[in-house]
Amino acid sequence: MAELYPWFQPQFSQMLSLIKQQQLAHALVLCGQDGIGKSALADALAAVLLCKNRQSDGACGQCKSCLLRHAGNHADLLHLRTDTQHLGVDAIRQLNNFTQGAAQQHGNRVAIIPKADSMTEAAANALLKTLEEPPAGCFIVLVTSNYLQLSATIRSRCQQWQLSAANQTDTAQWLSTKITKPPPAFLLEYCQGAPLKALSLLENGTAESLSDTLRLLDEYFNGKLLLSAAVKQLDGQAELSGLLSFYIRQRLAQPLAFLKQQAVLTAYQRWCRDATRIIGQNSALALTDLLTELKTLLQHPEAKWKS
Ligand SMILES: [Zn+2]
């Protein structure tokens with residue numbers, strides 16, 4: 001069975017109790033930021049809905065339904081997949097056919113739509129009808145990190161489960177069961193309580209290089225590293241935009257007066273905008289401009305920025 005992350009235990013218990021009372025909505029949307037494990041919760045919910053020998057804390061893991069699901073071979077579970085960036089109408093038609101058929105295991109049927117916000121307009125329209133009249137015993141679980149991107153009509157027909165990120169203590173505790181050495185100090189704050197993101201950055205070694213980059217930025221802003229050397233090491237780095245955003249917000253802007261904070265954030269936003277809009281932009285030059293501007297802003301007398 002997919003791991004049910006400890007920070008979702010309250011919501012999962014609530015789902016179990018709604019199932020028991022036969023009051024779980026037939027269309028649900030699980031929403032919340034990336035990297036918190038929403039898909040795993042959708043899987044755990046599907047497992048319970050399909051299990052033939054439901055336990056008080058979830059699926060039994062041993063009945064025929066659980067074994068079939070475990071083998072990735074349960075005819076009453078549809079996990080929509082798409083190879084493209086958008087979830088098209090063909091995938092939703094497949095889902096509609098699935099919901100209209102009879103259950104193979106004489107129980108519930110569950111369809112999971114990951115990245116539901118990537119549905120095209122035609123796909124969303126095709127889904128609406130099924131959401132309006134869900135066949136008996138059929139549950140549709142939409143998963144998204146961008147709830148507002150779903151059309152208002154889709155939203156109005158689904159029960160919303162707003163899942164929040166784990167707090168830093170829970171994240172740290174869970175991470176300690178996965179990795180041996182303690183994570184770098186900045187990581188939990190950087191991942192904003194998205195434990196799966198933190199784990200993946202640790203496992204693929206990115207966390208360490210991000211830590212080095214933060215140190216490098218500190219050295220530059222403290223006058224211990226030349227601009228050219230800083231740019232040379234920063235330019236083209238993976239996650240640079242996210243890390244700069246974090247550094248600017250958490251380290252540079254926080255102690256500043258309001259107007260100066262705004263100026264610092266505006267400089268960063270302009271850099272981001274240019275990076276996506278200007279084709280063939282000289283990235284080293286753009287980064288040089290940004291770092292220079294930030295340093296100037298930080299060195300200016302505070303009075304100048306106060307209204
Ligand atoms: Zn079972």
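The values are calculated or read from the model by the stated rules, or taken from the named source; none is laboratory data. Nothing here was measured: the structure is a model prediction, and the numbers come from that model. So basically every Cβ, Gly included, is an ideal-geometry build from the backbone, and we count neighbours across all protein chains shown. Note: areas computed on protein heavy atoms with side chains; ligands, DNA, RNA excluded. Shrake-Rupley method; radii C 1.70, N 1.55, O 1.52, S 1.80 Å.
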Exercise. For the chain, what is the calculated [θ] at 222 nm in deg cm²/dmol (nearest 500), taking -39500 (n - 2.57) for each run of four or more DSSP H residues and dividing by its residue count?
Worked result: -15000 deg cm²/dmol
Problem set entry | Dipole axis of the chain (+1 Lys, Arg; -1 Asp, Glu on Cβ), positive-most option in Gln21, Gln237, Gln33 | Gln21
Exercise. About its Cα centre, how strong a charge dipole does region 205-305 have in debye, to the nearest 20, once Lys and Arg get +1 and Asp and Glu get -1 at the Cβ?
Worked result: 300
Problem set entry | Sparsely packed trypsin sites (Lys or Arg not before Pro) within region 14-117, loop by DSSP, other Cβ within 10 Å at most 13 | Arg81
Problem set entry | Summed side-chain charge close to Ser151 - residues other than Ser151 whose Cβ falls under 14 Å, Lys, Arg +1, Asp, Glu -1 | 0
Exercise. About its Cα centre, how strong a charge dipole does region 127-187 have in debye, to the nearest 20, once Lys and Arg get +1 and Asp and Glu get -1 at the Cβ?
Worked result: 160
Exercise. Any idea what the dipole of the chain comes to, in debye rounded to 20, about its Cα centre with Lys/Arg Cβ at +1 and Asp/Glu Cβ at -1?
Worked result: 380
Exercise. Which value in nm describes the separation of the simple spin-label points at Leu67 and Gln168, placed 7 Å from the Cα toward the beta carbon?
Worked result: 4.8
Seminar exercise, completed: With DSSP loop assignment and no more than 12 other C-beta atoms within 10 Å, the trypsin sites (Lys or Arg not before Pro) in region 227-307 are Lys306
Exercise. In percent, how large is the relative contact order of the chain, given Cα pairs closer than 8 Å and 6 or more residues apart?
Worked result: 17
Exercise. Considering the chain as a Gaussian network with a 10 Å cut-off on Cα pairs, which listed residue, Leu265, Leu175, Leu201, attains the greatest mean-square fluctuation?
Worked result: Leu265
Problem set entry | For region 1-138: relative contact order, % (alpha-carbon pairs under 8 angstrom, 6 or more apart) | 22
Seminar exercise, completed: Accessible-area order for His70, His106, His79, His86, largest to smallest, probe 1.4 angstrom, reads His106, His70, His86, His79
For this session: Could you tell me whether region 1-115 comes out rounded, prolate or oblate from its Cα gyration tensor? Rule is a ≥ b ≥ c as square roots of the eigenvalues, rounded for a/c under 1.5, then prolate if a/b exceeds b/c, otherwise oblate.
Result: oblate
For this session: Output the pairs from Lys20/Lys115; Lys181/Lys232; Lys38/Lys64; Lys38/Lys181; Lys38/Lys197; Lys20/Lys52 with a Cα-Cα distance over 19 Å in this structure; if there are none, say none.
Result: Lys20/Lys115; Lys181/Lys232; Lys38/Lys64; Lys38/Lys181
Seminar exercise, completed: Taking protein heavy atoms only, a 1.4 Å probe, and rounding to whole percent, the accessible area of region 200-307 owed to carbon and sulfur comes out at 52
Seminar exercise, completed: Yeah, region 28-95 with a ≥ b ≥ c from its alpha-carbon gyration tensor (a/c under 1.5 is rounded, else prolate when a/b outruns b/c, oblate otherwise) is oblate
For this session: Determine how many Å³ per residue the convex hull of the Cα atoms of region 205-305 encloses.
Result: 95
Exercise. Are there GluC sites (Glu not before Pro) in region 201-307 that DSSP puts in a loop and that have at most 16 other Cβ atoms within 10 Å, and which ones?
Worked result: Glu239
For this session: Return the Cα extents of the chain along principal axes one, two and three, sorted largest first, each rounded to a whole Å.
Result: 72, 44, 36
Seminar exercise, completed: The relative contact order of region 203-273, taking Cα pairs under 8 Å that sit 6 or more residues apart, comes to a percentage of 22
Exercise. Among Gln100, Gln149, Gln22, which one moves the most in a GNM of the chain with springs linking Cα atoms closer than 10 Å?
Worked result: Gln22
Exercise. Under a straight-distance cross-link criterion of Cα-Cα below 13 Å, which aspartates and glutamates are reachable from Lys260, leaving out those fewer than 8 residues away in the same chain?
Worked result: Glu293, Glu302
For this session: Return the long-range amide H neighbours of His79 (sequence gap of 5 or more, or a different chain), with a cut-off of under 5 Å between placed amide H atoms.
Result: Ile112
